[in-house]
1. With (1) under 21 Å from V167 (Cα atoms); (2) of a type outside the set (D, E); (3) out of contact with any strand residue (DSSP E or B) (no Cβ under 6 Å at 6 or more places or on another chain); (4) at pLDDT 95 or above as the list, and T54 as the residue in question, which single condition is left unmet?
2. Which pairs turn up if I take residues in the range 93-110 that are farther than 16 Å from V235 by Cβ and look for partners that are part of a loop (DSSP other than H, G, I, E, B) and acidic (D, E) with beta carbon separation below 7 Å, at least 6 apart in sequence or on another chain?
3. Name every residue in the range 187-234 that is among the hydrophobic types (A, V, I, L, M, F, W, C), farther than 22 Å from N90 by Cα and under 17 Å from the mean Cα position of the chain (by Cα), in order of residue number.
4. Mind checking whether some residue in the range 21-36 is within 22 Å of T140 (Cα to Cα) and part of a strand (DSSP E or B)?
5. How many of the residues making up the range 217-231 are at pLDDT 95 or above and touching a strand residue (DSSP E or B) at 6+ places or on another chain (Cβ under 6 Å)?
6. Regarding E53, is this residue surrounded by fewer than 21 Cβ atoms within 10 Å (Cβ to Cβ), of a type outside the set (G, A, S) and not in a loop (DSSP other than H, G, I, E, B)?
7. Confirm whether K148 is in the same structural domain as G42 (by TED's automatic domain parsing), under 26 Å from F75 (Cβ atoms) and either more than 20 Å from the chain's Cα centre (by Cα) or not aromatic (F, W, Y) (or both).
Amino acid sequence: MIGKPFNILTVTDSTNNHAMRLIREGQATHGEAYFALEQTAGKGQRGKIWASETGQNIMISVVLSKNLPEISNQFRLSTAVALACHDFFNTETAGDTTIKWPNDIYWRDRKAGGILIENVISGKNITHSVLGIGLNINQTQFPDVGKKVVSLRQITGKTYDPFDLAVKLCSFLSKRLENGTGNKFSAQLAEFNKHLFCRHEKVRFLLNEKYEEGIISHVTEKGKLCIIKEKSLFVSLGEITWLL
C-alpha cells in the first residue's frame, strides 16, 4: 500500500533527497511516503529548482523497492505515476487535465505539477525508486516561473488541506502501480497517449540548436516522443526544448 507509513517533514532540502538518504542507510521501506511542508532545495527535472510556498502544495516522495521494472522498461513506472497524478488532479477539477511529455501535469495550457523519478541501480536492476511529485494546490502567486502555471485553488476557487490531498494521491498511486508496470502496461500506455498534452497539434521546439515544428503523435513504450514532420521523428528526454 502506497503511503504506509506516511511521514510529515516540517522542513527538508528536498523530499527526494530525504528518501535517498534513508535508502542508503537501509531505513526506507516499500511504499513509505515523505511529505514536506517546506523544501529548501526542491528538485525538478534536469537540475531545475522546484519552488513552493510553505505548507501550500503537495511535495511528496514515495519509495518503491518491490515489483520494479527492468531498467530497459523503466518508462512503465513513469507512465503509471503520471497517470495517477492525472487521475487525482482530474478528479478534483472535473476535467481538462493532461500529461505533458515527459513528466509534467497540465490543466488546459498551464502547468499544475511535475514528477521526478530517481532510481538506485545495481547491475542491470533497479533496486529502489523514489517517486517525487509536486502539485500546486493553494498557491496563487508564482513570481519566478512565468505566467503558464496554475494551482487547484485558482481553478476551483476552493482552499484545500494539502496533507489530506497527498494521502488521497497515494491511493491513486497504489492503483496505477498495481495495474500498470507488468502485463497491463499496454493499456496504461494507451491511456497515457490519450491524455497527452497537445496530441495531434503542431508545436514548436528547439532541436540541435535549431527551431523546428511538428505534430505531436504519441509516446512509445520506451518513452520516446514521436513528432511528425516530413517523417516521424523520435526524441528522448533532454533532446528537445519546448517553445510553447
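The values are calculated or read from the model by the stated rules, or taken from the named source; none is laboratory data. Please read all numbers here as calculations on a predicted model, not as lab measurements. Quick reminder, even Gly has a Cβ in these numbers, built from the backbone with ideal geometry, and neighbours come from all protein chains shown.
1. (4)
2. These pairs meet every condition: W107/D96; R108/D96.
3. The one that is among the hydrophobic types (A, V, I, L, M, F, W, C), farther than 22 Å from N90 by Cα and under 17 Å from the mean Cα position of the chain (by Cα): L225.
4. The answer is yes; a qualifying residue exists.
5. Total meeting the criteria: 8.
6. On the way: surrounded by fewer than 21 Cβ atoms within 10 Å (Cβ to Cβ): yes; of a type outside the set (G, A, S): yes; not in a loop (DSSP other than H, G, I, E, B): no.
Criteria not met by E53.
7. Working: in the same structural domain as G42 (by TED's automatic domain parsing): yes; under 26 Å from F75 (Cβ atoms): yes; either more than 20 Å from the chain's Cα centre (by Cα) or not aromatic (F, W, Y) (or both): yes.
In short, yes.
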